[in-house]
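Following: one structure in structure tokens, then a few remarks.
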Amino acid sequence: MRNHASAVLACDFFVAVTATFRVFYVFVVLEVGTRRILHWNVTDHPTADWTRSSSEWCVRRSAHRWIIHDRDSIYSEGVDAAWRPWV
């Protein structure tokens, strides 16, 4: 992993609950080599289309070769297909 860390992005969601008990989903794209957050976005209802559009900004502007994400249904085949031209 050390050899390729500068070419890898990792993305995932986490949940943030407000003081009024509203639930927000935070999408984060992390550069593995530097452990820097490259992009984040917040929504109260994530969909595959929202995930694709939210992540395209970061993926287009980076020189990374791989993206790591879990097998959640939010990362549909459409999301992977949208990322494929850039990675």
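The values are calculated or read from the model by the stated rules, or taken from the named source; none is laboratory data. Predicted, not measured: the structure shown is a model, and the values here were computed from it. All Cβ positions, even for glycine, are placed from backbone atoms using ideal geometry, and neighbour counts span all protein chains on display. Heavy atoms of the whole protein, side chains included, go into the accessibility calculation; ligands, DNA and RNA do not. Shrake-Rupley method; radii C 1.70, N 1.55, O 1.52, S 1.80 Å.
With labels modelled as points extended 7 Å from the Cα through the Cβ direction, what inter-label distance (nm, one decimal) is found for residue 77 paired with residue 23?
If labels sit at residue 77 and residue 23, their model points lie 2.8 nm apart.
Evaluate the distance, in nm, between pseudo-label points positioned 7 Å from the Cα of residue 68 and of residue 49 along their respective Cα→Cβ axes.
Spacing of the two 7 Å Cα→Cβ label points: 3.1 nm.
With every protein chain in place, what's the accessible area of residue 24 (1.4 Å probe, Å², nearest 10)?
The accessible area comes out at roughly 50 Å².
Heavy atoms of the protein only, probe of 1.4 Å, neighbouring chains included. What is the accessible area of residue 37 in Å², nearest 10?
For residue 37, solvent-accessible area is about 100 Å².
Kindly sort 52, 71 by accessible area of their heavy atoms, largest first, with the probe set to 1.4 Å. Display every interim value, and only then the final one.
Values: 52 75, 71 230 Å².
My answer, sorted largest first, is 71, 52.
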